[in-house]
Amino acid sequence: MKLSRLLKHLLLPDWWLQRVFARADLAAIGEAITACEKSHRGELRFVVEGPMPMSALWREMTPRARAVELFSQLRVWDTEENSGILIYVQLVDRKVEILADRGIAVRVPQAEWGAICRAMEASFRRGEWRGGALQAVTRAGALLASHFPAGANNPNELPDQPLVL
């Protein structure tokens, strides 16, 4: 286990996460998800995590592995058309991961999601937290709309509001 990484996660104050993503920012992200989901049958779930839990750090879990764990715990995979997307922001490690359920993964290459992640990380490095997140939701929504356009039946199967851990 890398001591510097462990200390970063353990010593980060609770208020820091709220400074990065204020309530208004989280509300705007939720509204953007609600709006974009009207144009497709996919489901977006946005998760922001400050420090990882000690159990994840002890297992030396990468942000990607943590995203996989949350994808399962939050049941993003449990949509009717297997069209769930998880956008996971790991603030301490400064990483973004996007996981697509199998219904989408066969149509959209991981490189597309990776490009959205890298653009989001670049925005975050410039301090554009809200803008980077909104741009990612818009780009992910456009990909979903091109492969899963809205139909007559377009249920909202996952919460639209971002989850802050």
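The values are calculated or read from the model by the stated rules, or taken from the named source; none is laboratory data. None of the values given here were measured: they were computed from a predicted structure. Here Cβ is always computed from backbone atoms with ideal geometry, including for glycine, and neighbour counts include all displayed protein chains.
Quick notes on this structure:
- Any hit, the range 27-42, residues being in contact with a Phe, Trp or Tyr (Cβ under 7 Å, 6 or more places away or on another chain), at pLDDT 90 or above, closer than 14 Å to residue 90 by Cα and of a type outside the set (Val, Ile, Thr): no
- Considered as a group, the residues in the range 117-152 that are part of a loop (DSSP other than H, G, I, E, B) and without any contact (Cβ under 8 Å) to a residue 24 or more places away in the chain include one that is nearest to the chain's Cα centre (by Cα), and that residue is 128.
Rundown of residues vs (1) buried (at least 19 other Cβ atoms within 10 Å of the Cβ); (2) in contact (Cβ under 8 Å) with a residue 60 or more places away in the chain; (3) in contact with a helix residue (DSSP H, G or I) (Cβ under 7 Å, 6 or more places away or on another chain), yes/no style:
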residue: 55; (1), (2), (3): no, no, no
residue: 67; (1), (2), (3): yes, no, no
residue: 79; (1), (2), (3): yes, yes, no
residue: 82; (1), (2), (3): no, no, yes
residue: 99; (1), (2), (3): yes, no, yes
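- Just so you know, in the range 55-99 the residues that are in a helix (DSSP H, G or I) and of a type in the set (A, V, I, L, M, F, W, C) include one that is farthest from the chain's Cα centre (by Cα), and it is 58.
- Residue check for residue 51: within 20 Å of residue 4 (Cα to Cα), out of contact with any Leu (no Cβ under 7 Å at 6 or more places or on another chain), surrounded by 16 or more Cβ atoms within 10 Å (Cβ to Cβ) and touching a residue at least 24 places away in the same chain (Cβ under 8 Å): no
- Given (1) within 23 Å of residue 134 (Cα to Cα); (2) over 14 Å from the mean Cα position of the chain (by Cα); (3) surrounded by fewer than 18 Cβ atoms within 10 Å (Cβ to Cβ), index of the condition residue 114 fails: (2)
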